[in-house]
Amino acid sequence: MLHRRLVALILIIIVFAMPTFAQDVEVLFSATFDDETIPDALNIQYGTFDTTDGQLDYTVEAGGFIVIPSGIDWTDYAIETELTILEGSVWLQARTGSDLCSGYYLTLNPTRSVVDLSVSDTECNFTVLAETDTVTIPTGAFTARLDVQGNQISAYLNDDLILSATDDQFVSGYPTLNIFPTDETARVQFDSIQVFTLPDAPAQTDATPEVIEETIAPETTPEPQPLVDIDLPPVNEIPLDEDPNRTIESLVELGLIPNTDGQLYTSDAVVIARIGAWFEPLFDDVSSPQAVMSGNIFFLPNNENETCLLSARIERDERGTAQRYLDVGINALDEVFIGETADNGEYSLATQEGMLTASGGNILFVSYGDRLSVYVNGRIAFQNIEVTRRDGSFGVSSNATTSFTVCHVTNLWVYTFDG
């Protein structure tokens with residue numbers, strides 16, 4: 001009888017406690033992928049992804065991230081995900097700043113048995129706040145959660161508190177999921193991703209994308225461009241000159257670009273030395289489907305999956321985030337690298353080895369209509385490759401796994417022309 005009364009008492013306590021908790025919790029974002037769709041508020045950068053059997057299946061080769069940018073002003077909240085790590089590592093990030101680096105991180109790396117809480121500044125310099133070697137990351141599906149409430153940072157696996165720390169450097173910012181390879185690729189399956197306020201924390205108003213639009217102006221819709229049917233001529237070598245105008249004249253004489261109206265844009269050196277996938281825009285969002293782009297790349301990688309790239313034909317969403325793009329540059333294996341994002345988000349790539357000096361070289365490419373030719377130190381690397389017809393802007397992109405990686409590009413210029 002005493003046992004039954006005790007059980008009944010426990011049930012009464014639970015019944016009366018649950019409504020109190022529910023009243024204190026506000027769901028800020030939720031994605032279960034049960035309907036095989038990805039919410040518009042979930043922004044996925046780099047890699048390939050699809051929804052199957054109620055899961056978001058995400059694969060990356062050089063690192064990628066999933067962000068909820070509408071939460072830029074969120075303060076006290078939890079980001080929770082049910083996931084399975086098939087390859088690579090996952091970092092839950094809270095209070096992410098507009099620099100994409102600052103904030104608090106829960107690192108889960110099963111291959112290297114790393115489980116820690118850390119904080120990063122705006123320059124991607126990490127400080128470990130707490131770590132453990134007694135927690136085993138499950139090989140199957142599990143739930144991971146990162147809480148930020150005031151200056152208290154807490155991490156949970158399957159609802160068990162595993163780490164906690166205090167820090168007051170950052171008070172607000174949006175939630176992020178970072179995915180990085182440990183070897184060649186990373187693959188993670190997400191059953192759900194949700195963000196909610198914490199008990200006793202004040203309810204927060206869902207920020208709108210306009211907050212980001214105030215700092216990153218969305219691109220205007222470009223005028224429709226006529227289709228260009230052309231095959232780039234088989235030119236195996238081009239003369240390079242310190243003066244871009246003379247190089248452009250040579251390209252016209254060789255028939256790689258037409259003798260038509262054009263505009264030259266030049267830029268100072270760009271240096272990216274940060275962890276993650278980074279993009280530096282160029283030329284105030286000049287946009288063109290036809291262009292020559294050139295730069296001298298010095299690349300100091302620390303992992304074989306890293307890249308340093310010139311990017312063109314970049315399309316952005318209404319928040320200013322790059323969605324589709326054409327990349328040409330160098331990877332950590334000293335290979336010439338080209339990659340392109342298709343309309344469905346799939347990123348395809350090709351590489352060519354044996355053409356670079358130890359630290360890099362000059363990359364020049366012509367994107368004309370649906371064709372691409374790439375030259376390294378004046379010699380052909382890829383000739384007349386078919387690419388997607390697309391108007392877009394320009395920039396420098398880098399994927400890195402440590403803050404010691406350096407992507408340094410000098411003598412940058414872009415020549416746009418009518419086709």
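For this structure, a couple of remarks:
- The chain, helix-only ellipticity at 222 nm - DSSP H runs n ≥ 4, -39,500 (n - 2.57), divided by all residues, nearest 500: -3000 deg cm²/dmol
- Placing R0 at 45 angstrom, the Cβ-Cβ distance between Thr136 and Thr52 gives a FRET efficiency of 0.95 after rounding to 0.05.
- Accessible area in the full protein assembly, largest first, 1.4 Å probe, for Met293, Met355: Met355, Met293
- Between helix 244-253 and the chain there is an angle of about 60 degrees, using the helix long axis and the longest principal axis of the Cα atoms.
- Ranked order, Phe417, Phe49 - accessible area, probe 1.4 Å, largest first: Phe49, Phe417
- Carbon plus sulfur fraction of accessible area for the chain, probe 1.4 Å, in percent: 48 percent
- Packing rank of 240-251, 86-97, where each peptide gets the mean count of other beta carbons within 10 Å, highest leading: 86-97, 240-251
- Using alpha-carbon coordinates, inclination of helix 2-24 to the longest axis of the chain, degrees: 40 degrees
- Result for the chain in a Gaussian network model with C-alpha springs under 10 Å: among Ser294, Ser118, Ser348, the largest mean-square fluctuation is at Ser348.
- Heavy-atom accessible area per residue - the chain, 1.4 Å, Å²: 45 Å²
- Relative contact order for the chain: 18 percent, from Cα pairs under 8 Å spaced at least 6 residues apart, divided by residue count.
- Sorting Glu280, Glu306, Glu253, Glu61 by accessible area puts them as Glu253, Glu61, Glu280, Glu306; the probe is 1.4 Å, largest comes first, and only protein heavy atoms count.
- About the Cα centre, charge dipole magnitude for the range 337-395 (Lys/Arg +1, Asp/Glu -1 at Cβ), debye: 260 debye
The values are calculated or read from the model by the stated rules, or taken from the named source; none is laboratory data. Please read all numbers here as calculations on a predicted model, not as lab measurements. No Cβ is skipped: glycine too gets one built from the backbone with ideal geometry, and neighbour counts run over all protein chains shown. Side chains included, ligands, DNA and RNA excluded: accessible areas come from the protein's heavy atoms. Shrake-Rupley method; radii C 1.70, N 1.55, O 1.52, S 1.80 Å.
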